[in-house]
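**Q** Here it is, the structure in full.
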Amino acid sequence: MSVRNKINRFSFVCAACITLAAALNYGSFNFAKNACVENNKTPFVDKSFLAINWSVSC
(Lines give C-alpha, C1' and ligand atoms only; values in the text may rest on other atoms or scores of the structure.)
Protein backbone atom coordinates (compact mmCIF):
# COMPACT_ATOMS: atom_id res chain seq x y z
CA MET A 1 0.00 0.00 0.00
CA SER A 2 1.50 3.30 -1.04
CA VAL A 3 1.76 6.38 1.12
CA ARG A 4 -0.81 8.18 -1.01
CA ASN A 5 -3.36 5.40 -0.48
CA LYS A 6 -2.75 5.47 3.28
CA ILE A 7 -3.31 9.23 3.37
CA ASN A 8 -6.51 8.91 1.33
CA ARG A 9 -7.80 6.14 3.58
CA PHE A 10 -6.96 8.13 6.71
CA SER A 11 -8.73 11.20 5.30
CA PHE A 12 -11.80 9.15 4.47
CA VAL A 13 -11.92 7.57 7.93
CA CYS A 14 -11.54 10.98 9.60
CA ALA A 15 -14.31 12.48 7.47
CA ALA A 16 -16.57 9.50 8.18
CA CYS A 17 -15.98 9.80 11.94
CA ILE A 18 -16.75 13.52 11.93
CA THR A 19 -19.92 12.95 9.90
CA LEU A 20 -21.04 10.17 12.22
CA ALA A 21 -20.39 12.29 15.32
CA ALA A 22 -22.40 15.19 13.86
CA ALA A 23 -25.30 12.89 12.95
CA LEU A 24 -25.38 11.30 16.42
CA ASN A 25 -25.20 14.72 18.08
CA TYR A 26 -28.13 15.96 16.00
CA GLY A 27 -30.11 12.82 16.86
CA SER A 28 -29.45 13.33 20.55
CA PHE A 29 -30.59 16.96 20.24
CA ASN A 30 -33.88 15.90 18.63
CA PHE A 31 -34.40 13.19 21.26
CA ALA A 32 -33.97 15.71 24.09
CA LYS A 33 -36.32 18.16 22.40
CA ASN A 34 -38.98 15.50 21.79
CA ALA A 35 -38.74 14.30 25.40
CA CYS A 36 -39.93 17.73 26.54
CA VAL A 37 -42.83 17.68 24.09
CA GLU A 38 -43.90 14.17 25.17
CA ASN A 39 -44.04 15.32 28.80
CA ASN A 40 -46.34 18.21 27.82
CA LYS A 41 -43.63 20.80 28.39
CA THR A 42 -42.28 23.50 26.12
CA PRO A 43 -38.67 22.99 25.02
CA PHE A 44 -36.41 26.03 25.26
CA VAL A 45 -33.61 25.44 22.79
CA ASP A 46 -30.22 27.11 22.77
CA LYS A 47 -27.91 25.97 20.00
CA SER A 48 -24.94 27.30 18.11
CA PHE A 49 -23.68 26.77 14.57
CA LEU A 50 -24.58 23.32 13.19
CA ALA A 51 -26.02 22.34 16.60
CA ILE A 52 -22.59 21.38 17.91
CA ASN A 53 -23.13 23.20 21.21
CA TRP A 54 -26.73 22.86 22.29
CA SER A 55 -28.91 22.71 25.35
CA VAL A 56 -32.58 21.98 25.85
CA SER A 57 -34.54 23.07 28.89
CA CYS A 58 -38.12 22.09 29.60
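The values are calculated or read from the model by the stated rules, or taken from the named source; none is laboratory data. Because the structure is predicted, anything quoted here is derived from the model rather than measured. Reconstructed Cβ throughout: ideal geometry from the backbone, glycine too, with neighbour counts over all protein chains shown.
**Q** Can Asn40 be described as assigned to a loop (DSSP other than H, G, I, E, B), modelled with pLDDT of 90 or more and among the polar types (S, T, N, Q)?
**A** Values: assigned to a loop (DSSP other than H, G, I, E, B): yes; modelled with pLDDT of 90 or more: yes; among the polar types (S, T, N, Q): yes.
Criteria met by Asn40.
**Q** Now a separate question. Can you tell me how many residues in the stretch 9-46 are surrounded by 11 or more Cβ atoms within 10 Å (Cβ to Cβ) and more than 12 Å from the chain's Cα centre (by Cα)? Even if it seems obvious, please write down each step before you answer.
**A** Step one: list which residues in the stretch 9-46 are surrounded by 11 or more Cβ atoms within 10 Å (Cβ to Cβ), which gives 9, 21-22, 25-26, 28-30, 32-37, 41, 43-45.
Narrowing further to those that are more than 12 Å from the chain's Cα centre (by Cα): 9, 32-37, 41, 43-45.
Adding up the residues that qualify gives 11.
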